[in-house]
Structure formats: C-alpha cells, structure tokens
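Below: the structure, in structure tokens.
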Amino acid sequence: MITEEQSRRILAAVDAAFDEQLAFTQELVKHPSLRTQEGSAQDLLHSAMAARGLEMDRWQLDPEELATHEGFGPVTVSYDDVTNVVGTYRPADETGRSLILNGHVDVVPEGPEEAWSRSPWDAPIIDGWMYGRGAGDMKAGLAANLFAFDAVRAAGLEPAGRIHFQSVVEEECTGNGSLSALMRGYRADAVIIPEPEEDMLVRANVGVIWLKVRVTGSPTHPREMGTGFNAIDAAYTAMTALREVEEKWNADRGQHRFFEDLEHPINFNFGQIVGGDWPSSVPAWCEFDVRAAIYPGIPAEQAWTEVQECLAQLGTGPAPINAVATKTGFFSEGYVLEPGSEAESLLESTHQQVFGAALGTFTTPGYLDGRVFTLYADTPALVYGPVSEAIHGFDERVSVESVRRITQSIALFIANWCGVHGRG
C-alpha cells in the first residue's frame, strides 16, 4: 500500500487539476456522440490520451468478427468509421498489477430539444451540477479515468502496472465496443468502469435482449374495416402477451441471488412503434421495438426462445395474429460481481478514505459492460461512479462534488492496485 503522505499528495493533485478536469468534461459533452456519430468525441479522447504519452490504438469494429463471440449483439447499422480508442500506459519496470479503466463514449438520443431547459449539447455547471446529454452517462467517468491517472503522476509517482484506458462505443445498444476490445486482446487483473452509480458499486445487473416484432395484417378501406385485419390493434395484443412473460419472469425473482428484494427487476420496454401506410387504409403492418431484461445466469438464447414461443402462440387462437421477432441489438447475459475479490476490498478502502463512509453495493436492472469482463475474462469488474440524475432523460446532470470524490478514489485505487515507483 502507498504511504499516507503519498495518498495526501494524490488527493491534493486531483483538487489542483479539478477545474481542468471539469473543462475537459464539458468539452467532451459538447460532442454529440450519438450512435455511429462518435467520431469527433473519439478524436478528442485520442488526442488527450496521446498527449499523456500513452501507446495509442484505434480500430473500426468488425461485425463479422464480433459475430463469432457468444456475447455479440446483432448489428442493424453500418460500422464504417465506428471506432474504439485505447491508450496504454506501460511502466518502464512493470512490477505491479494491471488495470483496465473503461468507459463508453456513445450516448442515447436527446429527444425533443424543446423539452430541455437548455441545449443538451451545452454543459453548464449550475448549483453544483453539470448538465448535458452524456454528462453523467458517462463522460464524467471517462474524464475521471484520465485525471485520476494524472493525479498519481502529478504526485511524483509512476504506476508500476500496465493500464489500458478504453473509450468504447456501442454500450447503449449492443455492448459490442467492450467486447471488441476484449477480442483484440486487452485484458488486465481488474477493471473499473465509472458509470453513474450513485457513489456505489454494482453487485449484479440484468442481461438485455433487443428485438423488433413485426405484426402483419390485411389492408382494406375503413368503410369495410370489419373485413380487414388491423395490424396496429394486433400489435397491442402482442404487447399484452409479452407483458405476461415479463410478469412471469418477475415472479421468479426470489430464485435469483441479489434480485430477491427488488420489486420489479425485469422490465420490458416498448421503445418504438411504427405502422401502416395510409390514414384511410386499415394498416397491413406494424412494428414495435422491445428491450427485455433477463436475470444473470439465464442465457440470452433461452430468453429469446421463450419470447418466440409467446409470439408463436398468438397465431394459434380463433383470431390468429402473425407476429415475428428479429434480434436488433443487445443479446447479453447479466452478471454478478462475486464478493470478496482483492480489487473490491481495495476499492472499499479507497472509498472509505475519500468519502468517510463505507462503500455501498446494489443491484441494478440496467445493462452494463461489466458483463464482458466478468463473464468472458474472469476479471473483477468494478462498476462504480458518481451521482447523476435524469440519465437518458431531459436535463441529464452529474454532481460535480461526487465526480471529484470518485476521481480521488480511483486515483488512490490506481496507485495501490498497480503499485508505484517514485519519490517519497
């Protein structure tokens, strides 16, 4: 472990550079890094990593290569110019443990801009909160990774272990960014992902599958509506059937460790719907998109089969409905971070030192890239990050003070986990 004096210098170094850290985070938020549009934000992060003397690697995701891995999420967009950025620090004398500091640069759509109190692509700091799409989820975390590393070096120390700084894409839709980095060979003894997690550590989270359901009908004129088949009406019947699957899975929560006490851990979200060709024709088709959660330990293929069976049953009744699902993104299993790892123990210590309180853990019903490292690399993935509000909503924001403390905790973790060379 590092000395008290070294710890003090690291904490002070975070404070000394914090205005610079906030300014960098604001600049990053101002790049609207929506899906397939992450290029300029990745340019910024590439430059920032290169300026720190890191060994740089940038590559375009390959859907054909990714499709060979069980954790692959089907792709419905072009991956042309969709890139990951990794900067690697290699100590001259590598005697310490290695570390991955991971974060995703992609953000979800902002929705109607008029619903925001300010532009989603500005990043003002108001009353202790930084606003903007992606401020919390998770550009503040991406910046924290870099500035935590800076603080260790500014304290006159050099980490003794290899560190990979990963800025990945596709976390909000497939998880293929972190998966691609793993398949490229990036592994380490521990991973930190500073997602917006309320100053806590994620103990477990759900897997997610994305699907599009297409319901087909028979068009006719509204004057003869009774002779046609309204696909939009039928789509709601299909949604109702899927809700029954959702409730069945929720009823099983007592059989799944860390989910027993959650009121409704499995959520099916109907996120998009479109249908019909003409206002005065009974619609012949309707499509709706579904995000469905699954418990850790439930293979995505098993959940997919049950959904398929549910939809198939709609075609067997007295008023048969033809509803067909296709995979459109996430096809991922959830994970549990098993208690007791050295990495978690160290994070408990650094968190206590910075926050003056014990590190809390919780289960989240959302997707996290931690599953890539936990399931496929047998690596403790510490998803731990700042307090945020309205992520994926209007006026998304992150607590500035929380970001400062999380950065300090990560900086102390780097120094203690990797070990240090240097004075003092």
### Query
Name the residues in the range 79-104 that are among the polar types (S, T, N, Q) and surrounded by 14 or more Cβ atoms within 10 Å (Cβ to Cβ), would you?
THR83, ASN84, THR88, SER98, ASN102
### Message
Let me confirm something: among ALA323, ALA415, ALA319, which residue is more than 23 Å from the chain's Cα centre (by Cα) and in a loop (DSSP other than H, G, I, E, B)?
### Response
ALA319
### Message
Test of understanding: among VAL383, VAL372, which residue is of a type in the set (A, V, I, L, M, F, W, C), farther than 24 Å from ALA67 by Cβ, in contact (Cβ under 8 Å) with a residue 60 or more places away in the chain and surrounded by 22 or more Cβ atoms within 10 Å (Cβ to Cβ)?
### Response
VAL383
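Residues checked against (1) within 26 Å of THR363 (Cβ to Cβ); (2) free of Cβ contacts under 8 Å to residues at least 40 places away in the same chain; (3) open to solvent by 10 Å² or more (accessible area, probe 1.4 Å):
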| residue | (1), (2), (3) |
| --- | --- |
| PRO109 | no, no, yes |
| SER117 | no, no, yes |
| ALA135 | yes, no, no |
| ALA155 | no, no, no |
| GLY161 | no, no, no |
| SER167 | no, no, no |
| SER178 | yes, no, no |
### Task
Identify all residues within the range 286-331 that are charged (D, E, K, R) and within 16 Å of TRP249 (Cβ to Cβ); write none if there are none.
ARG291, GLU301, GLU306, GLU309
### Query
Listed residues ASP106, ASP93, ASP81, ASP122; which is at pLDDT below 95 and in a loop (DSSP other than H, G, I, E, B)?
ASP93
### Query
Out of the range 10-47, which residues are in a helix (DSSP H, G or I), more than 16 Å from ALA151 (Cβ to Cβ), open to solvent by less than 30 Å² (accessible area, probe 1.4 Å) and of a type outside the set (S, T, N, Q)?
LEU28, VAL29, GLY39, ALA41, LEU44, LEU45
## Note on the structure
Checking GLY134, GLY111 in turn, the sole residue that is of a type outside the set (Asp, Glu) and in contact with a helix residue (DSSP H, G or I) (Cβ under 7 Å, 6 or more places away or on another chain) turns out to be GLY134
### Task
Select from the range 345-359 the residues that are touching a helix residue (DSSP H, G or I) at 6+ places or on another chain (Cβ under 9 Å) and assigned to a loop (DSSP other than H, G, I, E, B) and write down the one among them that is surrounded by the most Cβ atoms within 10 Å (Cβ to Cβ).
LEU359
## Note on the structure
Checked pairs for the range 233-260, first under 20 Å from LEU211 (Cβ atoms) and assigned to a helix (DSSP H, G or I), second open to solvent by 50 Å² or more (accessible area, probe 1.4 Å) and small (Gly, Ala, Ser), C-beta under 9 Å and 6 or more apart or across chains, list as ALA234/ALA319; THR237/ALA319
### Task
Go through the range 48-78 residue by residue and tally those that are aliphatic (A, V, I, L, M), open to solvent by 50 Å² or more (accessible area, probe 1.4 Å) and assigned to a loop (DSSP other than H, G, I, E, B).
2
### Task
Would you be able to say whether some residue in the range 269-278 is under 26 Å from THR36 (Cβ atoms), open to solvent by less than 70 Å² (accessible area, probe 1.4 Å) and hydrophobic (A, V, I, L, M, F, W, C)?
yes
### Task
Check PRO219 against each of (1) modelled with pLDDT of 95 or more; (2) more than 19 Å from ASN416 (Cα to Cα); (3) not hydroxyl-bearing (Ser, Thr, Tyr) and name the one condition it does not meet.
(1)
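The values are calculated or read from the model by the stated rules, or taken from the named source; none is laboratory data. Keep in mind that what you see is a predicted model, and the values were worked out from it rather than measured. We place every Cβ from the backbone using ideal geometry, glycine too, and count neighbours over all the protein chains shown. SASA here: full protein model, heavy atoms, side chains in, ligands and nucleic acids out. Shrake-Rupley method; radii C 1.70, N 1.55, O 1.52, S 1.80 Å.
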